[in-house]
Amino acid sequence: MSSVRVLVGTHKGAFVLTSDGKRNKWDVSGPHFAGWEIYHLKGSTVDPNRIYASQTSGWFGQVLQRSDDGGKTWHQPGVPAGQEPAPGPPQAVPNKFVYDQSPETGKPLTTHQFYDGSQHPWEFKRVWHLEPCLKNPDTVFAGVEDAAIFRSTDGGENWHELSGLRGHPTGPFWSPGAGGMCLHTIVIDPKNTDRMYVAISAAGAFRTDDGGQTWKPINKGLYSKYIPDPNAEVGHCVHRIALHPSKPDTLFMQKHWDVMRTDDAGDNWTKISGNLPTDFGFCIDVHAHEPETVYVVPIKSDSEHFPMDGALRVFRSKSGGNEWEALTNGLPQKDCYVNVLRDAMAVDKLDDCGIYFGTTGGQVYVSPNGGDKWQPIVENLPSVLSVEVQTLA
Amino acid sequence: MEPTNQIRVQLPYHLRNLAQVGNEITLEVASPVSITTVLDALEARYPMLRGTIRDHGTLKRRPFLRFFACQEDLSLDPMDNPLPAAVTDGREPLLIIGAIAGG
């Protein structure tokens, strides 16, 4: 019988939630890496036992963790604790993210636009998102702050920047959003893995068609009222992008304000907010078996990061946008002032598709029937940063 | 051959967990002993700590970590300064401490 494993990153550690296909009874393990911020964990689709985790701290910087047994045990790739190091220079430095400025592969990149309009050096702060390759469990991409994308081809032991992204001519005009200048979204086209999408706050969305060598901004049709130029190539605060594997040219986007879609791989975007009560939000995802069924969690505004009227509502569109219905069954409908962050929603692939999201109040909810009815899996975790789901045979 | 010293080092809780060590470790460090040479020895023996005490690129101390020994705050001293004799002869440990901040 199939089962699911939910990987939850929080402000104070990681948790692994497991259940059988009924998704009624759950086992909770954790906290793993207790006391550390776990921005994101994600498992390989090729080898589900392979999971990568981003462990960060304002005191100790970035640590990269890997599990090869489905989250039971963890180690820093290439430097497992308890083993004598091999003589000679270290072969693995899994937490070393150094921006590429080599003349062979990158341009001599120096600065980006800072809050005050001045130019500021790129400074690595943390890994926001880890995206395992769809073909090889040892290849994994990392989206980092300050915004850049890195790739490891040795299971996370060493990282190299795909500097064509940061080297785009618009790079000096990228500027940080309120959460920093982070590359927080990486989406790989399952039908053509040389094609990937990334999103950066607050630069916008970018696409590569050659495996990450070169990138182009794909922000046509996005309108951000704080940007005077309606055709601005960059500067947009994209919060999250999602796609359905069967229609990879169709992308759904939750922007700072506005819910958007494209049907031409990002070349043109159309607003699909429709009847949403507010179209500010962070997360967005697509039903596993219905490529036009989309989920968002509207948040009151960019100044008040909680649901409208204290009622936690997921909104579902079965028509690819514009027509949305509120899903409330099992969710608190009064006195609820949590947020759902950009990486904190996911879906499983069981026949009756399960939808999951985590809140800044420490709840993780599941709907085992596509959103019709919700129930909490856990209610008192630390503030949830990310939720990913693995569907296991 | 340069003389070596048995240097006692105490790490903060989270770094002890990363390295899977107890409250205090002892490192063999060649003279002259400084914070830099102690950290070099620490990272060679426990490579999982590389980048967690000093930045990978600049090798500067992370802002929220401090170095203490013999009841003195050495955090702002040049990292190549010799450590006190009480540390080099093993009577006192070098303390690596996380700043008290955050929630």
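The values are calculated or read from the model by the stated rules, or taken from the named source; none is laboratory data. These numbers come from a predicted model, not from an experiment. Using ideal geometry, Cβ is built from the backbone for each residue, glycine included, and neighbour counts are taken over all protein chains shown.
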Residue hits (region A:314-332; assigned to a loop (DSSP other than H, G, I, E, B) and surrounded by 21 or more Cβ atoms within 10 Å (Cβ to Cβ)) are A:Trp324, A:Leu331
Kindly provide the set of residues from region B:13-30 that are surrounded by 15 or more Cβ atoms within 10 Å (Cβ to Cβ) and either away from chain A (no Cβ under 12 Å) or without any contact (Cβ under 8 Å) to a residue 60 or more places away in the chain (or both), ordered by number.
-> B:Arg16, B:Asn17, B:Leu18, B:Ala19, B:Val21, B:Ile25, B:Leu27, B:Val29
Count, please, the residues in region B:31-48 that happen to be more than 9 Å from chain A (Cβ to nearest Cβ) and either at pLDDT below 95 or not in a strand (DSSP E or B) (or both).
-> 11
All conditions in (1) part of a strand (DSSP E or B); (2) closer than 16 Å to B:Gly98 by Cβ are true of B:Thr26 except (2)
Hits in region A:163-203 (condition: of a type in the set (Val, Ile, Thr) and closer than 27 Å to A:Ala288 by Cα) = A:Thr185, A:Ile186, A:Val187, A:Ile188, A:Thr193, A:Val198, A:Ile200
Which listed residue is free of Cβ contacts under 8 Å to residues at least 40 places away in the same chain, acidic (Asp, Glu) and not in a loop (DSSP other than H, G, I, E, B), from A:Asp309, A:Asp285, A:Asp335 = A:Asp309
Exception for A:Pro85 within (1) surrounded by fewer than 12 Cβ atoms within 10 Å (Cβ to Cβ); (2) within 28 Å of A:Trp36 (Cβ to Cβ); (3) at the interface with chain B (Cβ under 10 Å from one of its Cβ atoms) falls at (1)
Mind checking whether some residue in region A:1-14 is modelled with pLDDT of 95 or more, assigned to a loop (DSSP other than H, G, I, E, B) and under 24 Å from the mean Cα position of the chain (by Cα)?
-> yes
For A:Gln101, work out the one condition from (1) out of contact with any Phe, Trp or Tyr (no Cβ under 6 Å at 6 or more places or on another chain); (2) crowded, with 19+ Cβ neighbours inside 10 Å; (3) of a type outside the set (Lys, Arg); (4) at negative phi it doesn't fulfil.
-> (2)
Those strands (runs of 3 or more DSSP E) lying entirely in region A:347-393 with at least 2 residues modelled with pLDDT under 95 and either more than 19 Å from A:Pro298 (Cα to Cα) or among the basic types (Lys, Arg) (or both) | none
Residues satisfying the stated conditions in region B:49-66, i.e. on the phi < 0 side of the Ramachandran plot, more than 7 Å from chain A (Cβ to nearest Cβ) and either basic (Lys, Arg) or part of a loop (DSSP other than H, G, I, E, B) (or both) = B:Ile53, B:Arg54, B:Asp55, B:Thr58, B:Lys60, B:Arg61, B:Pro63, B:Arg66
May I ask you to say which residue of B:Asn23, B:Asn81 is of a type in the set (S, T, N, Q) and under 21 Å from A:Phe60 (Cβ atoms)?
-> B:Asn23
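Scan region A:222-238 residue by residue and report those that are within 11 Å of A:Gly204 (Cβ to Cβ) and touching a strand residue (DSSP E or B) at 6+ places or on another chain (Cβ under 9 Å). Talk me through it step by step, then tell me what you get.
Going residue by residue through region A:222-238, those that are within 11 Å of A:Gly204 (Cβ to Cβ) are A:222, A:224, A:227, A:232-238.
A:Leu222, A:Ser224, A:Ala232, A:Glu233, A:Val234, A:Gly235, A:His236, A:Cys237, A:Val238, listed by residue number.
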Give me a count of the residues in region A:14-72 that are surrounded by fewer than 21 Cβ atoms within 10 Å (Cβ to Cβ), of a type in the set (A, V, I, L, M) and free of Cβ contacts under 8 Å to residues at least 40 places away in the same chain.
-> 1
Flagged in region A:171-195 as buried (at least 20 other Cβ atoms within 10 Å of the Cβ) and more than 20 Å from the chain's Cα centre (by Cα), in numbering order, are A:Gly171
Out of (1) modelled with pLDDT of 95 or more; (2) closer than 25 Å to A:Val98 by Cβ; (3) touching a Leu at 6+ places or on another chain (Cβ under 8 Å), what's the single condition that is false for B:Asn81?
-> (2)
